[in-house]
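Working notes, beginning with the structure itself.
Read-outs throughout are calculated quantities, based only on the coordinates presented, and are distinct from any laboratory measurement. From a predicted model like this one, the values you see are computed outputs, not experimental measurements. No Cβ is skipped: glycine too gets one built from the backbone with ideal geometry, and neighbour counts run over all protein chains shown.
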Amino acid sequence: MTKLTPTSGQANSLPWLWLSLLVVIIDLGAKYVADNALDYGVPVPVLPIFDLTLLYNTGAAFSFLSDAGGWQRWAFAVIATAVSIMLVVWLKRTPRTQWWLGMGLALVLGGALGNLYDRVVHGYVVDFLSFHYSGYYFAAFNLADAAITAGAGLLIIDMLFLAQDESKTSSKTADKDSDTP
């Protein structure tokens, strides 16, 4: 289990907030360009499996609840705000030495804030990246979604592979400290 409270004097992972800010800036910039350069719903082929297609998602992932009547906008905004606050607290409690965890949390936070901005300001999330193969289309997404996915991947790597190493190191340090008179 990863220790979530830095010991006194140990630096926390809040400096990773620069990465969250960078994700938000790049995401909102890309959405602005897509919204102004693309016609809604008209694919612009880039690769045989990839198009730029401007779409507005009033729901959540995979357009979940997109036709719910409007209440979902504020429900998802409240959830994103609560999750963002939780992620900042988690970053504050995470020792800076656990940089995979800090980076993963920051990427998820940046993506959540990028989509939160869209949802509050526009009432929908701007999506424009569309992958497809042989007539099958994956749900369109944006750079915030990609950051959330990459961050979740880093959190999984940390949980499965790195947290165990950190707990071994922590227990060795604790054993060494208990041997000292």
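Structure above, values below:
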quantity	calculated
Residue-by-residue Karplus 3J(HN,Hα) for the range 109-126, coefficients 6.51, -1.76, 1.60, Hz, glycine and proline x	4, x, x, 5, 5, x, 6, 4, 4, 4, 5, 6, 6, 9, x, 7, 9, 7
Peptides 122-130, 85-93 ordered by average Cβ neighbours within 10 Å, highest first	122-130, 85-93
Cβ crowding within 10 Å averaged over residues, with 132-139, 12-19 ranked highest first	12-19, 132-139
